[in-house]
1. Take every DSSP beta bridge with both residues inside segment 181-316 and express the antiparallel ones as a percent of the total, to the nearest 5.
2. When the helices in the chain are scored as -39500 (n - 2.57) per DSSP H run of 4 or longer and the sum is shared across all residues, what 222 nm value do you end up with, to the nearest 500 deg cm²/dmol?
3. When a/c is below 1.5 the answer is rounded, else prolate if a/b is larger than b/c, else oblate, so apply that to segment 118-260 with a ≥ b ≥ c taken from the square roots of the Cα gyration tensor eigenvalues.
4. Once you keep just the Cα pairs under 8 angstrom separated by 6 or more residues, what percentage relative contact order results for the chain?
5. Enter the mean projected area of the convex hull around the alpha-carbon atoms of segment 186-326, in nm², rounded to one decimal.
6. Can you tell me, using C-alpha contacts under 8 Å and at least 6 residues apart, the relative contact order of segment 86-177 as a whole percent?
7. Ordered by packing density, taken as the mean number of other Cβ atoms within 10 Å over each peptide's residues, highest first, how do 178-184, 83-89 rank?
8. Per-residue HN-Hα couplings for segment 96-113, Karplus 6.51 cos²θ - 1.76 cosθ + 1.60 at θ = phi - 60°, whole Hz, x for Gly and Pro?
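Since every read-out is calculated from the coordinates, none of them should be taken as a lab result. Here the structure is a predicted model, which is why all the values come from computation and not from measurement. In this analysis, Cβ positions are derived from the backbone assuming ideal geometry, glycine residues included, and neighbour counts consider all displayed protein chains.
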Amino acid sequence: MNMTTTRKGFLAGAAALVASGGRGATALPGGGGSGSPALPVFKDLQTVKMLSGGGKVYAISTRLNTISLSTVFVSPEGKILVVDGGNLEGGGKDGQFLGEFLRSLGGHVDYWFITHAHGDHYGALVTMSERPDFYGVTIGELIYNFPDRKWLLAREPGSTPYLNNFCDNVLGKCLKDVKRGDCSPGRVVNFGSWSFEILNEPFRCDGNTINNASVMISVKAGGKTWLETGDLGVEGGRDAMKKLGARLKHDIVFLAHHGQNGVDKAFYAAVAPEAAVWPTPGWLWDNNNGGGVGSGPWRTNYTKCWMQDLGVKKNYLLLKDYVFTA
């Protein structure tokens, strides 16, 4: 397959829905290159009218030029679900931003869900825990399902200092009194008139171990179904396809592993989304390791081709924040 040609076709045909506020723009926003995009703030957010019945879904970009995942669902009744939260690197800018933003929403998170045990997903909680007041934020229920820590770290020793700090100091001390929610597959939770469901148990394998242990969450919000995949890999994705079957179908998917080297095309075909959210910085979108477009080892172009082949015309690249509204 000619990846360059296919990418040009994708860029020409995809709808980022930026300039028109969700009504017909025809190109994804900026490329990014090897430079860092300006730190996004919510005054610069892109608004997309997608929901029904009120409420908002915030797809939050990293405050840095790195990978992360952070989503905030605010139901029409003001109930809040946070998924992951962002990266712990760069002086904790992701966590600082999220803490201040959540405080501006009233400061109480009803449910905080963590997809898997990597620092670019739980990092905001690390940063927030370093403040005695936790940014004025309280959490009703913390939901996660990590496989045994020793088993994980035997397969990914590079994660040792980060995961030990998170488990021992953040979960074990700062958040020790926060309720631990049931993370069993099939659990459905209402937050206001919206709801979410835990879809799977962590898949255990010796390759790409922590990513493949991602737990997916399905959110029913604003008349749409939203699939948060975390960093699920090919093996975990294939296991989920076998166990979930037609239940994988969703309206919007947050692409696995930041849009590259995650689940395969068959998984996305089963999801059959009308829209895809790319938690993908500019350098990763361009596969740019500093030597120009296409100079890196990442596989983002494959996912672009899959979205094109599957007819996904609404693609939201998180170089800035997005808010989906009624």
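1. 60
2. Result for the chain, helices only: -7000 deg cm²/dmol.
3. Details: a/c = 1.96, a/b = 1.17, b/c = 1.68.
Taking the square roots of the gyration eigenvalues as a ≥ b ≥ c, segment 118-260 is oblate.
4. On the way: 765 pairs, mean separation 74.6, N = 326.
Relative contact order, the chain: 23 percent.
5. 9.1
6. So the answer I get is 31 percent.
7. Values: 178-184: 13.7, 83-89: 27.0.
For the peptides 178-184, 83-89, the packing ranking is 83-89, 178-184.
8. For segment 96-113, the Karplus-derived couplings read 4, 4, 5, x, 5, 5, 5, 4, 5, 8, x, x, 10, 9, 5, 9, 10, 10 Hz, x marking Gly and Pro.
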